[in-house]
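First up is the structure itself, then whatever we jot down about it.
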Amino acid sequence: MPNSLDPHLDAETTEEYSLQQLSARKTAEVETHLLICESCRKAVAASDAYVAAMREAAAKVRETEQNPMPHRRMAAR
Amino acid sequence: MVERIQANDPSGMEELYSIFTTGIRFYLCRQLGPQDLDDKVHDAFLTIAQSIRRGDLREPERLMGYVRTVVRRQVAGYIGTAVEARRNFVDADHTPVLRDRKPDPERTAIEEQNTALAMRVLNTLPRRDREVLVRFYLQEQSPGQICREMRLTATQFRLTKSRAKARFTELGQARFARRLGFTASMDARRRGSAPAQAS
């Protein structure tokens, strides 16, 4: 979290914000900071993109694991 | 600045705008998407200025938190209106009043490229590391649960996540560099000269 030593969001907080895992109080602190901090906005935008991509890719991986090679099963029929 | 806004001094509004416009735009876009963003930003400033003039902000040093609260309420209002409009549309079969939400092709392309990169990252990882990431990002399991069920230490968990993110960033930068190289070579071809060597 932003503090007197480091005014910027750390990577963990940034990711937790992207994942909507922060408490209401911390979310308020983060969003207030983001109103005036360009570098943290960039970090959050990058984190949002990463989280969305990982979520999508993880869903595809899970689907493939649960239904391995459907084309082979089709061919075997 | 607050006193100047209360006194209707235009310089107060100018300062408020210069400090908060990018942040408010970012917040509104993140929460509501890019549709009608300029109008929404404008509405937010009007609401903030009016409420400051009414004297709703009693402690000027709390301006940042106050701005965030006003914009958050505005977002809640937009979402409520959209939900209500959708409900009316379904109930009464009226013409929809919701905004056009056509996907932005450029944005969609970037998202697809990011997903492809994430797939590359996941597919090159050992099965166990991949399982950690699937549980965390897709199933939204807590780090504590993942560590307990997969017998990992908190450090191992953090390392798995940070390595994957580093790899994603690395692949993304390589893609960006390739695209820049491609653009440079196209520009050079258009000018009829050889592309400049990347340093």
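Here, each number is a calculation from the coordinates, and none is a lab measurement. All values reported here derive from a predicted model rather than from experimental measurement. Glycine gets a Cβ as well: all are built from the backbone with ideal geometry, and neighbour counts include every protein chain shown.
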| field | Least to most buried among B:T22, B:T115 (fewest other Cβ within 10 Å first) | value | B:T22, B:T115
| message | Give the lysines whose C-alpha is closer than 29 Å to that of A:K26, dropping any in the same chain fewer than 8 places away, or say none. | response | A:K42, B:K40, B:K161, B:K165
| Approximate spin-label separation B:Q145-B:A7, in nm, with each point projected 7 Å along Cα-to-Cβ | 5.7
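Give me a single rounded figure for A:26-38: the average over its residues of other chain Cβ atoms within 10 Å of their Cβ.
What the average comes to for A:26-38 is 5.
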| request: Report the local net charge at B:E15: Lys and Arg +1, Asp and Glu -1, summed over other residues whose C-beta lies under 12 Å from its C-beta. | output: -2
| field | Size of electric dipole in segment B:2-92: Cβ of Lys, Arg +1 and of Asp, Glu -1, about Cα centre, debye, nearest 20 | value | 340
| remark: Listed with the fewest Cβ neighbours within 10 Å leading, B:T81, A:T32 appear as B:T81, A:T32
